[in-house]
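Take a look at the structure below.
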There are 2 protein chains.
Amino acid sequence: MSKGRLTIPTDENFVEGTKKYVERWGADAVRDCDGTELPKNAAELAEKVYKTYFVVRGDNDFAYAHDEYMQNIALISERHTAFSDTLEIDLMEKLFDQQIRVNTTEYKKYWQVFDRTTGEEISTWDYVGDNKVRIFQAKKMHEYTVNFFGYNLWDATQVYNYTCNNWTVTKDRCYDPIYPEVLEHILQNLDEWMEKNPQVNVIRFTTFLYHFFLLYLSGVSQKLFDWYNYAMSASPAMFKLFEKEYGYEMKLEYLLDKGTWANQFIIPSKPLQDYYDLVQRFVSKTMAKIIDKVHAAGKEAMMFWGDNWMGAEPYGKYFAEMKLDAVVGSVSSGTTVRAVSDIPNLKYKEIRLLPYFFPDTLNNDERSTNALLHHWAIERRAILRKPVDRIGFGGYLSLADKLPNFCATVERVANEFRTIYDTMDNKAPYCSLKVAILSYWGKEKSWMTNMVSQDAPYPITGGVLGFLESLAGLPVDIDFISFEDVKAGRLQEFDVVFNAGVAGTAFSGDYYWKDTKILELVREYIANGGGFIGIREPSAYEYGGRFFQLSDALGVDVERGKSILLHRHNTTVHADHFILRDKVNPVDYKGGLDHVFANDGAIVLDIAPPPCSWQKSVKMAANEYGKGRCFYTVGLGYNAENTRLLYRAMLWCAHKEELLEKAFASNVHTECHYYPASKTYALVNNTAEEQKTTFYDIDGKAKDYTLAPNEIIWIKE
Amino acid sequence: MSKGRLTIPTDENFVEGTKKYVERWGADAVRDCDGTELPKNAAELAEKVYKTYFVVRGDNDFAYAHDEYMQNIALISERHTAFSDTLEIDLMEKLFDQQIRVNTTEYKKYWQVFDRTTGEEISTWDYVGDNKVRIFQAKKMHEYTVNFFGYNLWDATQVYNYTCNNWTVTKDRCYDPIYPEVLEHILQNLDEWMEKNPQVNVIRFTTFLYHFFLLYLSGVSQKLFDWYNYAMSASPAMFKLFEKEYGYEMKLEYLLDKGTWANQFIIPSKPLQDYYDLVQRFVSKTMAKIIDKVHAAGKEAMMFWGDNWMGAEPYGKYFAEMKLDAVVGSVSSGTTVRAVSDIPNLKYKEIRLLPYFFPDTLNNDERSTNALLHHWAIERRAILRKPVDRIGFGGYLSLADKLPNFCATVERVANEFRTIYDTMDNKAPYCSLKVAILSYWGKEKSWMTNMVSQDAPYPITGGVLGFLESLAGLPVDIDFISFEDVKAGRLQEFDVVFNAGVAGTAFSGDYYWKDTKILELVREYIANGGGFIGIREPSAYEYGGRFFQLSDALGVDVERGKSILLHRHNTTVHADHFILRDKVNPVDYKGGLDHVFANDGAIVLDIAPPPCSWQKSVKMAANEYGKGRCFYTVGLGYNAENTRLLYRAMLWCAHKEELLEKAFASNVHTECHYYPASKTYALVNNTAEEQKTTFYDIDGKAKDYTLAPNEIIWIKE
C-alpha cells in the first residue's frame, strides 16, 4: 500500500474518522469545506493542511462600510425599439436587484447609448433617476440600448445556494483591490488570518480578485453564465487605470459588444485585448504581493480554479509572476484534467474528483461507487498522458464513511493514481504524433476551446467538444496555437493541425481565414505533407465563392443556398477506408452541420440519407492535397469508437498509418500507454465490463489479454 | 356534358380515336407532340390546332453551315490551386465536349482570370491552345479560375433523351438571333413553315431564343440545372450590344459571380441588372417581329413556358410587348398553376396536366387514374382561386385509349374544370386577406420564389417552398413585392407580409436588411397594425447584435455561436393558441433551422426537445409588436394541416380571427371557395377518401356535409 498525493476533507466533528481514512487511503493532506471547520489539531492528521481563503470577500463589515470600494459589472440594458421620439429604458429590467445596483458615478463619461439599427452611439440622452435613461430625439422604429456600470452587490457564487436554502446570514459582498486602501486592508486581513490559522500550511485561494461572469434574473434563475468573461472586473477605476496605461479611453462597448459581452467566441478588438492584458497584469501583480506574504509566513499558495479566477489565466503571459505553488481544479472529464495538468510553472497541480461527499451526491453505496469509477475511467485517460501531482476529494468525510464499497474504491483509485504517477516519474509518455489545435486564442485557451461553462455541452458547440476529450487521452503530443503562431512559421512543428469551431467564432478563426498570408501558410503546410483536421466549420469565411476557405484542401464545403444549381456528384461512401476500420456503430456527431458537400476527388466517409440524390449531406470526408492529407467531420462526440476513429484519422493525415499497431490495444474500449523511460506499458480497460484485447508493443508484437472491469495491466518489457 | 377549354394530343395514326375523345371529353383543340405528326385533316378534328415551333433550332443545315452564328454560354473553369508559379487550367474539365466547345474569339477581351484567394483579376495569363489557359507568375497556394465563352454545340433539352435512347439523327444546334442574318433566316423559315402548315391556327413556341441553363458532365449526367439562369443568352455579340447600349463593358464575371452563375438566389449587381434588362428587351423586340408575322397570317402565338424561355419573364417589364396570345405551362402543383394563371396581358392561359401520355407514365389504369386525381386535387385548389382558361394533355392519345378508368376520369376532370371556369366567370373569388411576399425580386419572380428547378424541393429550401403551395389555394389575395415597393410605401396595401428564405439570399433579402429605411418602414408597418410572417431566416443579416434584423418584431432570433452565454428562458409552448387549434400531428417543417430562440414576451408555439434547458430550439412562435402581430416558423412543408395552420397564422397576424369561420370548411382536408358574383360556394374534398366537414357560409352559418372522394359540392346561396 502506497501513501501520499491525496487530499481528503476533514471536519472538527470527524477527527477519529479522518485518522482512519488518512491511514487507509494514504492521504497526506486534509482540507476544510463549505460549512465545516478544520479540527484544532489538523496538523497532526496530515503533512499538508489546506484551508479555503477568499481574497475579496468574507470581510462584510468592511464591505458594507465602504460602498465606494464595491466591485462593478459592465452591463447593457435590454434592447428597446422607439415607437415615438422619446424612449425610456429601465436599466434594471431583467436584472436581479439584490445582485445589481445602478452605479451612476460619472455616468455621462462612462455610459453609452447606441442606436443598434444604425450602429451609431448617440448623445441625446440623460439619466432621469429611478434606474431610467431617457432618449430624446429618438429615431422612430430604431432599437436602442444603454451600456452602464452596475455595482456588484452580492458575490455571484453565493446567490444561488443562499436563495435556495433560505439563508439569513449577511450576503457576501466583494471589495475591489483596484483601490489601494482595499489592497492594504486585504493584506492586513491576510496577516491576521495566518496568525489565527497556524496549523494551515497551504492557503487554498478561492480564487483571487474578480468573479467569472454570472448574472441572475432572480435568486434561483440565471440570466447568463460565462466562465471566461471579464465583465465583473470592469469599473470606473479600472477604466481610469486603462486610460493611464494605454493613453486612450476604455469604453464599455468594447466589453459589451452589442450585448454579446465579447465572450471568448468573439475575436476581441484591439482595445479589449489591451484591457485583458491590463486586468491580467493587475491581478498578477496584486496576487504576487499577497503570495509574497504567504511565502514569508512559510506557507504555500494554492489557486482553486474557480469563482474569482478572472485575470488569472493559467496559460496567460503573467500567470508565473504570481509565484503560485499550486493549482487545484475541479474536474469532470479528461479535458478538465489536462487543463490543470498542462499548466506550466507550478510546484504541483491537484484535481478534485467527483463525486463530492455531499448528501445529494453521496448517499448510495452502489451509485456513488459507479459514479467514482465512471469519472475516474475518463479522467484516468488524461492522467496517463499528463499526470497531475495530486488528487483529492471534497465534502463531508463522515458521509463516505457510511459507504463501504465506495471507501474501498477510493482506496483502489488512490493506489492506482500513485502507481501511475510513480511509473511515469515525470517522464514523457510515448507519443506517435505532434498535434496542434489552431484557434484565435492559441496557447492562452489551452483545453478551453469552444467552451462557455468548462466542458458543458451546448447544442451548437456539442460537435466541437468531443474531439478534445478524445485527444486528452490519446498518445499524441498536443499544443494549442494561434494564427500569429502560424505567421511565425510554427505549423512545421506538427504532424496534424486541427481547426474546429462554429463559423465566425474565434475558435474557427473568423476573418483570419480572409487573410491571404494565413491561407498561403496553411495550404503550403498541408501541400508539403502536413495533416489537417477540420471539425464543423473549419476555415469558414464566405469569400471568393467558398465558405470553407480551405475547401480545396479539406475536400468539402457547405451549400449555403447560393449554389444549389450545382449538382454534387461525389456521394459514394468509402466504407473500407483506413479511418473507418474500427467503426461498428453509426458515428455520434453530436449535432453538427447540414448541407455539406464533397468536392470531386474527395473521399466521402459518411453521408446523410438523400432527399434528392445530388444534395446528400456529407458527414465525414478525407482528402489528399499535394503531399498532405485532410480529414473533415461535421462534429464528433466523445466515445470509444469516435476516439479510435479520430486517432486513425490523425495517423492517416500524417501518413503514419503504420504507427497504429505500435503501443496499441485493439479493442476500442481499451487503450495502451507506453512509458519508454521505464519501458512499461499501461494496458487499460476504460469500461466497467471485462474486455478482451490484443496488445501490440512498440515494435508491433501482438499478445492477447483479458482485462477485468476498469483494470490497468502493467506490462514491463 | 360541357365542351371546350381542353387540348388533347393527336397523331396521324390515331385520327378516329381522336374524334372519339374530342367528342367524349369535349376537346376543342388538338396538338402534336414529340415524335408524332398532326393528321392532315387536323383542322376538322377541333377548332384549334396547335403545333410545336422552335425559333432557334430545327434548321440544322443552316446551323451547321454557320459556326459564326452559334449560340454561346458564359462559363467558368473548375477552381485550381497553384502549387508552383505556373498553373495550367483545362477549360473543358468537367464539361461535356459534345455540348461545349471553347470559343477563343477575342479571348483577351472577354475572358477573365481571377485569383480567388485575393479576389483580384489578373493579367498574367494566356490561352495556349488545346483548351488550356496558362497562368504565369501565379502566387503559390492561391486558387485560380478562368471565365470564358463556350460555343453551345447541342440543344440542352435534346441531350439527355438523345444519349439515353441512342438516337443517331443530327444533333439540334441553336443559332443566335443576335445576328441580323440569323433573324432574317428565322423570319423566312417561319413564313415557309406557316405556308406548309395551313391547318395550324395556334403556333406553340417551344420557346423562344435562349435556353434555361443546363450543363452536362456527360450525355446522361448533369453538372448543373438552373431554370432561371441567363448564362445561355451570353455571347461576345450580346456583350457588344450591351456596351453599345449602356456605355460600359459587360464582363463575364458579372454573370458568373465566382462560380455561382449569379443565380436567382443572389441579388444581382447593377451591371447584371442592366444585362437582364438588355436580354429581356432583345427577346421581346425580336419575338414581337416574329409574332407580328404569326398574327399577319391569322394565327395565334402561344408560348410554351419551358426550354428557351430566358429573357421572356412572364412577369417582366417587356413581356406584354411581344403581343403573345397565350401561354401554356406544364404544371405539377398549385404553385406552378398560379405561376401561369396570374400572368397578365394575355388572351388565354393553359396548363398541361400530368400524367403525360407516355409509355413510362401511362401504362396502368389504376396508377394513372390515381396520378391524375392526385395532381388534379392539388392543382384544382389553385384553379379555384385563379383559373387558367384551358387545360390540356400531352403525349400519345392511343395510350390513354387503353385505360378505361383513366379516360373516364379525364372526362370528369374536364367537365369539372369547365364547371369551375363557368362558375367563376372571370370574377374574383372572396378573399379574406390581402397578402404580399417580400423578396428582392418582387413581382418579376411571382410564384418562383426560392426555386431552382420550378418547385423541386432542395434540402436547404424545402422549408420555404411549402407555404407558397399552401397560399396557392387559400382564400387570400396574393402579391409579390420588392424592397423598392417597400420604399415606395406599398406595405400599407396588405394585411400580411411574408419574408421567407435562406439567409443571405435574394429571397430573404440579404443586405436590404441592413438598410435603415427598410427596417423603419417594415417595423412601422407592423407596429401600426400590420401582420408579418417570417419563414426560416427572415430579415437575416448579422449586424448590431441581431441576426434577424426584425427580431424585435418577430420575437425570435438565431443563436449563431456568439451569445451562448445568454440563457434563453422563453421555452414554454402555448399549445392552445388560435394558430394551433386544428393541429393534430407534429408539424412537418421540411428541415428548417436549429438554434432559434424566442425573445422574452414572444409566444412560443413549438420547440424541439432540449439538450439543455435554456438552449431548446424554437420551431414556431408568434409575437405582438405595437399594434401588429408576427408569426415565425423555421419552415413549413405543404400539407393539409400546415395549410390550415398558415391560414390561421395569417388571420391572427391580421387581427382577423373572426373571419376564419366565414366561407370555410372545418375539416382540414376540405376547403371552401366562395364566388360572390354568383353567390356560389365550392365545398371541396382535397383527398381520395370520403370526408365529413362543417361548412360555414359567408355569414358564419354552419351546416354539415359529407363529401365523396375528390368531390366538389356546389352550394348556391
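Side notes on the structure shown:
- Translational diffusion coefficient (Stokes-Einstein; Kirkwood radius from C-alpha pairs) of region B:433-659 at 10 °C, 1.306 mPa s, in µm²/s: 93
- Pairs of Lys residues in region B:568-717 are counted when their Cα atoms are under 17 angstrom apart and they lie 8 or more places apart or on different chains; the count is 14.
- Qualifying GluC sites (Glu not before Pro) for region B:323-392 [loop in DSSP, other Cβ within 10 Å: at most 10]: none
- Residues residue B:244 and residue B:106, FRET efficiency given R0 of 22 Å [Cβ-Cβ distance, rounded to 0.05]: 0.90
- Sum of side-chain charges, residue B:630 neighbourhood, beta-carbon under 11 Å (Lys, Arg +1; Asp, Glu -1): 0
- Neighbourhood net charge (10 Å Cβ-Cβ; Lys/Arg +1, Asp/Glu -1) for residue A:121: -2
- Distances in nm from residue B:165 to the matching label points in the other copies, shortest first (labels 7 Å along Cα to Cβ): 8.4
- 13 Å beta-carbon shell around residue B:535, net charge (K/R +1, D/E -1): +1
- The same position residue B:109 in the other copies lies at 6.8 nm from this copy, comparing label points 7 Å beyond Cα toward the beta-carbon, shortest first.
- For residue B:43 and residue B:427, the FRET efficiency from 1/(1 + (r/R0)^6), where r spans their Cβ atoms and R0 equals 41 Å, is about 0.75.
- Stokes-Einstein D (µm²/s) once Rh is taken as the Kirkwood radius of region A:664-716 over alpha-carbon pairs, at 10 °C in 1.306 mPa s: 147
- About its Cα centre, the dipole of the protein assembly as shown is roughly 400 debye, where the only charges are +1 on Lys and Arg Cβ and -1 on Asp and Glu Cβ.
- Among the trypsin sites (Lys or Arg not before Pro) found in region B:336-434, those both in a DSSP coil and sparsely packed, with 16 or fewer other Cβ atoms within 10 Å of their Cβ, are B:347, B:402, B:427.
- For the protein assembly as shown, calculated [θ]222 nm from helices alone, where every DSSP H run of n ≥ 4 adds -39500 (n - 2.57): -8000 deg cm²/dmol
- Scattering from the protein assembly as shown was approximated by placing one identical point on each alpha carbon and applying the Debye formula without solvent; log10 I(q)/I(0) at 0.04, 0.06 1/Å stands at -0.31, -0.67.
- Spatial separation of Cα centroids for region B:427-459 and region A:70-147, in angstrom: 41
- In this Cβ point-charge picture (+1 for Lys and Arg, -1 for Asp and Glu), region A:433-658 has a dipole of about 260 debye about its Cα centre.
- For region A:270-338: relative contact order, % (alpha-carbon pairs under 8 angstrom, 6 or more apart): 36
- Model label points for residue A:66 and residue A:401, set 7 angstrom from Cα along the Cα-to-Cβ axis, are 4.2 nm apart.
- For region B:518-570 versus region B:279-338, the inter-centroid distance based on Cα atoms is 40 Å.
- Segment residue B:297-residue B:515, length gained on full extension (0.36 nm per residue, minus Cα span): 73.2 nm
- For region A:641-702, trypsin sites (Lys or Arg not before Pro) meeting the loop criterion (DSSP other than H, G, I, E, B) and having at most 16 other Cβ atoms within 10 Å: A:656, A:679, A:701.
- Gap separating the Cα centres of region B:469-494 and region B:350-403, nearest whole Å: 31
- Hydrodynamic radius by Kirkwood, which averages 1/r over all alpha carbon pairs of chain B, in angstrom: 27.5
- Rough spin-label spacing in nm, given labels placed 7 Å along Cα→Cβ, for residue B:181 and residue A:167: 9.5
- Dipole moment magnitude, nearest 20 debye, region A:117-208 about Cα centre, only Lys, Arg, Asp, Glu C-beta charged: 460
Here, each number is a calculation from the coordinates, and none is a lab measurement. From a predicted model like this one, the values you see are computed outputs, not experimental measurements. Ideal geometry is used to build each Cβ from the backbone, glycine not excepted, and the neighbour counts take in all protein chains shown.
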